[in-house]
Amino acid sequence: MTEPRIAPTADVDPTAKIGAGTVVWHLAQVREDALLGEQCILGRGAYVGPGVRIGDRVKLQNYALVYEPAVLEDGVFIGPAAVLTNDVYPRSTDVGGALKRDGDWSAEGVVVRENASVGARAVILAGRTIGRYALVAAGAVVTRDVPDFALVAGNPARRAGWVGRAGVTLREEAPGRWRCPRTEELYTERDGLLAPGEPS
Ligand SMILES: CC(C)(COP(=O)(O)OP(=O)(O)OC[C@H]1O[C@@H](n2cnc3c(N)ncnc32)[C@H](O)[C@@H]1OP(=O)(O)O)[C@@H](O)C(=O)NCCC(=O)NCCS
């Protein structure tokens, strides 16, 4: 396995763990105790907060901001300038006017399940979960959990369709029966959720 490749201008805390084959580009910042898996790519200016956990083959595009304690499972894609937030009611100071420090508030992380993608400049509110293989459209503001395979768009983000494992929108060939035009894979919709395979 190849060693991680870290650009000299990247700021990677010595306590962060970076997996084999991972590439960290110029001016990216990886904070203390963050965990990055194997074969990831962190684009220029990407930010990974303290203790954030990132799986294998994850891509963070330029200036993607991942605030702690987010968890990104294997195969996740975070588009350029997307923000995974961690505080629904942010304040710099307490009611007395004193600057809040780390112990004065509790951060809530976003979870992005395996192989999901977040489009450019999308914002995910703290504590929300993006389901497996879901696709968040460019510029969406996600205020609710996103089901597996859902395509969501807009502000607030609403479901606009389904995407398959290949990432393209599925076509409904019969009620509740969806097919991927690229792979021909079949999916079944039941009770507002989608799963791969034939109806049982
Ligand atoms: C959401 C997305 C997947 C839709 O792609 P598509 O299926 O080819 O959709 P179309 O371009 O045919 O548009 C279909 C409708 O959705 C709307 N739409 C497309 N993208 C949208 C977006 N990001 N937010 C809101 N609405 C969007 C279109 O205006 C169109 O609406 P209309 O039917 O009322 O005219 C795509 O536009 C997108 O945002 N992909 C993510 C791109 C990205 O961020 N990549 C990161 C790597 S750089």
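Bear in mind that the values in this text are calculations on the coordinates, not laboratory data. Only a predicted model underlies this, so the values are computations on that prediction, with no experimental measurement involved. Methodologically, a virtual Cβ is constructed for each residue, glycine included, from the backbone with ideal geometry; neighbour enumeration extends over all protein chains shown.
Brief remarks on what is shown
- Cα gyration tensor category, rounded, prolate or oblate, for the stretch 123-164 with a/c compared to 1.5: oblate
- Sorting 70-81, 148-159, 94-105 by average packing, meaning the other beta carbons within 10 Å per residue, from highest down gives 70-81, 148-159, 94-105.
- Residues whose amide H lies under 5 Å from that of residue 162, counting only those 5 or more places away or on a different chain, are 151, 170; hydrogens are built 1.01 Å from N in the peptide plane.
- Antiparallel beta bridges, as assigned by DSSP with both residues in the chain, represent about 30 percent of the total such bridges.
- Anisotropy class of the stretch 103-184 from Cα gyration tensor, a/c 1.5 cut: prolate
- Student exercise, the chain dipole from Lys, Arg, Asp, Glu Cβ charges, in Debye to nearest 20: 560
- For the chain, fraction of C-alpha pairs farther apart than 28 Å, in %: 32
- Relative contact order, whole percent, for the chain stands at 10, derived from Cα pairs under 8 Å and 6 or more residues apart.
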